[in-house]
Amino acid sequence: MRSSRRRLQPTRGVLVAPNYLLTCQFDRMGPTAVLQDVDGGDEYSIKAFNRAAFLYAVLERTSPQDDGWVACDAVARAVWGRKASANNVNTLVYRIRRELKAAGFSADFLEVKRGHVRLLAPEAPVTDQPNEVEVFND
């Protein structure tokens with residue numbers, strides 16, 4: 001008998017500029033993304049499904065080989081399926097930046113250029129361990 005349980009995605013975290021810890025997770029309630037100011041201790045949760053799923057999809061696909069750049073099409077398909085386009089990504093990035101600025105956070109860590117998106121994270125690779133971020137050049 002096969003189990004009908006779906007395997008939950010791990011919590012993923014990365015240190016992004018200007019010294020924020022971004023953690024993203026999928027659980028039974030859906031995706032969540034939390035941005036924490038490492039220096040000030042302030043924290044903000046992004047609970048809107050598309051926004052949190054988008055940040056998780058970017059984080060999941062980030063690799064040091066491409067300097068963190070991920071094709072917008074790949075992220076869009078992960079969030080919306082086949083009908084998505086780069087325009088969906090541009091709109092969502094705008095909305096995420098606006099939401100974070102309204103909450104008092106800088107959104108400069110989220111970059112979009114020439115059909116690619118990345119989380120500006122020059123000092124930390126992605127990790128699959130809950131609440132654990134590997135920092136190099138420390």
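Where a number appears in this text, it was derived from the coordinates with a stated rule and is not lab data. Keep in mind that what you see is a predicted model, and the values were worked out from it rather than measured. Note that each Cβ is placed from the backbone with ideal geometry, even for glycine, and that neighbours are counted across all protein chains shown.
Things to note:
- The residues packed around PRO18, meaning those with a beta-carbon under 10 Å from its beta-carbon, carry a net charge of -3 if Lys and Arg are +1 and Asp and Glu are -1.
- Gain on full stretching of the segment that runs from ASP66 to SER45 - 0.36 nm per residue minus C-alpha separation: 4.8 nm
- Segment 1-102, Rg to Rh (Cα coordinates; Rh as Kirkwood inverse mean 1/r): 0.99
- Computed FRET value (nearest 0.05) for THR91 with ALA17, which takes r as the C-beta separation and R₀ as 25 Å: 0.60
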